[in-house]
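What follows is a set of notes on a single structure, which appears directly below.
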Amino acid sequence: YLSGDGLGNFYLAGGFTYGIFKYSPEGKYLNRFGSRGEGAGQFSAIHAVRVDSQGRIYVSDIKGILVFSPDGQYLRTLPVQGVAFGMDITPDDQLYLITNQPKVMVYQLGKD
């Protein structure tokens, strides 16, 4: 799974590596965060990754949407009814999720 931010960096979500890899616009490896597990900031099964206008990284996992700071620090988990398989963020920071319910969920993301 792949997503980019407004600075040209891109994020690769590794389904079997249970991590998020950050690369520069030139393709240089910058950072890796996340691991397999049930704890805060850990992944069970990654389904999508997106970045908002603040640079926060949203990762769809079977536990919900895990939110990380631009430097990869875990911030919180957004609850989801079911599992979000499709995810997108609009320019005005609305997070759209399509779940296996089937259901569309919308979050208005804050500036915090």
> Of the residues that make up the range 75-83, is at least one polar (S, T, N, Q) and over 24 Å from Arg32 (Cβ atoms)?
Replying inline: yes
> How many residues are touching a Lys or Arg at 6+ places or on another chain (Cβ under 7 Å) and among the aromatic types (Phe, Trp, Tyr) when one looks only at the range 1-38?
Replying inline: 3
> Can you name every residue in the range 11-32 that is within 19 Å of Gln73 (Cβ to Cβ) and of a type in the set (Phe, Trp, Tyr)?
Replying inline: Tyr11, Tyr18, Phe21, Tyr23, Tyr29
>> Just the residues that are open to solvent by less than 40 Å² (accessible area, probe 1.4 Å) and over 13 Å from the mean Cα position of the chain (by Cα), please, taken from the range 1-26.
In response: Gly8, Asn9, Ser24
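What residue, among those in the range 27-37 that are open to solvent by 30 Å² or more (accessible area, probe 1.4 Å) and touching a residue at least 24 places away in the same chain (Cβ under 8 Å), is nearest to Met105 (Cα to Cα)? Steps first, answer last, please.
Going residue by residue through the range 27-37, those that are open to solvent by 30 Å² or more (accessible area, probe 1.4 Å) are 27-32, 35-36.
The next check asks that each one be touching a residue at least 24 places away in the same chain (Cβ under 8 Å); those that pass are 31-32.
On the way: Asn31: 30, Arg32: 28 Å.
Taking the candidates together, the pick is Arg32.
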> Mind checking which residues of the range 46-56 are closer than 12 Å to Ala84 by Cα and open to solvent by 30 Å² or more (accessible area, probe 1.4 Å)?
Replying inline: His47
>> Could you check the range 45-70 and list, in sequence order, the residues that are in contact with a Gly (Cβ under 8 Å, 6 or more places away or on another chain) and either free of Cβ contacts under 8 Å to residues at least 60 places away in the same chain or among the hydrophobic types (A, V, I, L, M, F, W, C) (or both)?
In response: Ala45, Ile46, Ala48, Val51, Ser53, Gly55, Ile57, Val59, Leu66, Phe68, Ser69
> From the set of residues in the range 67-83 that are part of a strand (DSSP E or B) and farther than 13 Å from Asp52 by Cα, which is least open to solvent (accessible area, probe 1.4 Å)?
Replying inline: Leu78
> For the range 84-109, what are the residues that are assigned to a loop (DSSP other than H, G, I, E, B) and surrounded by fewer than 17 Cβ atoms within 10 Å (Cβ to Cβ)?
Replying inline: Thr90, Pro91, Asp92, Asp93, Asn100, Gln101, Pro102
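The values are calculated or read from the model by the stated rules, or taken from the named source; none is laboratory data. Keep in mind the model is a prediction, meaning the values are calculated, not measured. Neighbour counts run over all protein chains shown; Cβ positions are idealised from the backbone, glycine included. Only protein heavy atoms, including side chains, enter the accessible area calculation; ligands, DNA and RNA are left aside. Shrake-Rupley method; radii C 1.70, N 1.55, O 1.52, S 1.80 Å.
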